[in-house]
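What follows is a set of notes on a single structure, which appears directly below.
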Amino acid sequence: MLVPAVAQTATIYTIAIDLADMDRGVYETVELKVARHPSETAEYMLTRVFAYCLEYEEGIALTDGVSSGDEPALVVRDLTGRLTAWIEVGMPDAARLHRGSKLAGRVAVYTHRDPRQVLAQLAGEKIHRAAEIPIYTFDRAVVEDIAGRMGRRTSWALSVTEREIHLSTADGTFVLPVVEHRIPA
């Protein structure tokens with residue numbers, strides 16, 4: 001007897017965040033509902049949330065993540081709906097960054113992957129304004145630790161000082177430096 005295939009649906013995470021980004025003077029209380037696609041790792045989803053916090057400004061939005069197709073993980077739009085920032089997560093290919101750089105005034109990448117792999121994949125590729133695109137990396141072991149403790153409903157106090165995340169959760173306190181890299185020419 002054949003068992004019909006059942007489409008897997010996204011798992012919804014609700015994250016209440018007290019955000020204090022001292023570097024940029026951003027102080028907000030944010031409640032995110034993040035849909036984690038079945039093919040998306042917890043680490044990827046967590047990196048999307050960190051990128052959201054580090055990029056937080058009026059008009060920022062999470063897209064559908066890995067299932068969003070041509071869209072990046074995060075977008076920022078102005079009041080007219082014009083795309084002002086294209087924020088990728090993970091290990092985007094050069095074509096996506098090239099397209100994003102032509103469509104938006106600003107592009108950034110956030111990853112928990114090995115920065116050498118990400119940079120090697122992009123080195124020498126045709127990317128519009130490649131020198132202007134920061135690649136921000138997080139310590140993979142710390143991201144994995146936080147992701148492994150994360151429940152579907154959680155509350156955080158997240159502060160940013162000198163590009164270092166200080167995260168307080170019910171399970172502990174974590175420090176996560178944000179290291180910036182640039183795409184080699």
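Whats the longest run of the chain with zero GluC sites (Glu not before Pro) that are DSSP loop and have at most 14 other Cβ atoms within 10 Å?
Longest site-free region, per DSSP loop and neighbour criteria: 59-124.
Can you give me the Kirkwood hydrodynamic radius for the chain, using every pair of distinct Cα atoms, in Å to one decimal? Before the final figure, lay out the partial values.
Details: mean 1/r = 0.0584 Å⁻¹.
For the chain, the Kirkwood estimate is 17.1 Å.
Among Leu97, Val179, Thr154, which residue has its Cα furthest toward the positive end of the charge dipole of the chain, with +1 on Lys/Arg Cβ and -1 on Asp/Glu Cβ?
Leu97
Hey, got the dipole for the chain? About the Cα centre, +1 on K and R Cβ, -1 on D and E Cβ, debye to the nearest 20? Intermediate values should be presented prior to the final figure.
Working: 20 positive and 26 negative charges, 106 e Å.
It works out to roughly 500 debye.
Just to confirm my numbers, what's the Cα centroid distance between the stretch 25-87 and the stretch 128-165 in Å?
Measuring centre to centre over Cα atoms gives 13 Å.
Computed from the coordinates by the stated procedures, all read-outs in this text should not be read as laboratory data. These numbers come from a predicted model, not from an experiment. Here Cβ is always computed from backbone atoms with ideal geometry, including for glycine, and neighbour counts include all displayed protein chains.
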